[in-house]
Amino acid sequence: MPEIRRRASAEKTKPTPFWLAAALVVPAVGLLAKIEIDGAEHLPEEGPYVLAPNHYSEFDPIIVAVATWRLGRAPRFMAKESLFRVPVVGWVLRGLGMIPVSRTTSASAAGQAISQAAELVADGRGVIVYPEGSLTREPDMWPMRGKSGAVRVATAGDIPIIPVATWGVQGIMPRYGRFSVWPLRKRVRVLLGPRVELPVVSGTTPSPTQLIAATDTVMARIAGLLGELRGENPPAARWNPGQHGQKETGRLEP
């Protein structure tokens with residue numbers, strides 16, 4: 001697949017700590033993975049967005065970050081608020097423009113989403129949010145049932161939510177497994193889909209029922225993209241971690 005060429009956004013061309021991070025990470029990842037990206041046209045070249053990927057390896061955020069950088073955007077993630085209080089780590093996260101997120105009640109979660117969305121819109125930035133919240137525990141690594149964070153932010157600011165699926169990262173680092181270097185340049189595929197039209201009125205506070213329906217819609221789109229990459233049909237229903245007390249490894253879910 002030929003190298004993707006897109007106009008770099010202002011946030012990427014402006015000198016930031018991302019330049020140093022990219023100089024170190026991109027070449028290193030290039031030795032480990034041959035990343036093939038399809039659907040690049042669905043990621044906005046400018047302005048805010050929410051990128052919603054599947055999550056089946058501890059290493060797939062690095063792949064998504066590098067793919068986002070190659071598409072001309074600066075990869076920012078939502079990170080636990082507690083990490084921002086860790087010396088050095090917090091400084092790095094703030095320097096890279098990562099977005100803190102805390103566990104909150106439904107009422108405060110709505111307010112937090114509005115604040116985060118307003119910041120993204122004002123700065124014209126994007127954010128990567130894993131709707132599953134953790135590695136999938138679905139036995140065959142299909143996306144499991146999602147959480148509402150990505151939908152909350154997208155609807156609060158009328159921000160496009162872009163589904164994305166990756167496949168092949170398990171060859172570098174299997175779920176709950178050990179890092180594997182050899183052979184180098186393992187094939188990893190990244191597929192972006194068009195903006196998800198959510199069954200929620202943007203700019204309003206969705207009801208719990210609407211949040212569930214919208215999140216299910218996003219997860220279905222992610223599963224569909226993954227099905228294209230795998231050449232398989234995804235399960236009709238998402239695996240629900242709330243109905244299972246253990247992970248694949250038998251460890252209890254915290």
Which of the aspartates and glutamates could a cross-linker span from LYS34 if the Cα-Cα distance has to be under 20 Å and same-chain partners fewer than 8 positions apart are dropped? GLU3, GLU58, ASP60, GLU228
Residues of type lysines that LYS147 reaches as a straight line, Cα spacing below 20 Å, ignoring anything fewer than 8 places off in the same chain: LYS80, LYS247
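Identify the GluC sites (Glu not before Pro) of segment 2-58 meeting these criteria: DSSP loop state and at most 16 other C-beta atoms within 10 Å of the C-beta.
Details: sites: GLU3, GLU11, GLU36, GLU41, GLU45, GLU46, GLU58; in loops: GLU3, GLU45, GLU46, GLU58.
In loop regions of segment 2-58 (DSSP not H, G, I, E or B), the sparsely surrounded GluC sites (Glu not before Pro) are GLU3, GLU45, GLU46, GLU58.
No value in this document is a laboratory result; all are computed from the given coordinates. Only a predicted model underlies this, so the values are computations on that prediction, with no experimental measurement involved. Ideal geometry is used to build each Cβ from the backbone, glycine not excepted, and the neighbour counts take in all protein chains shown.
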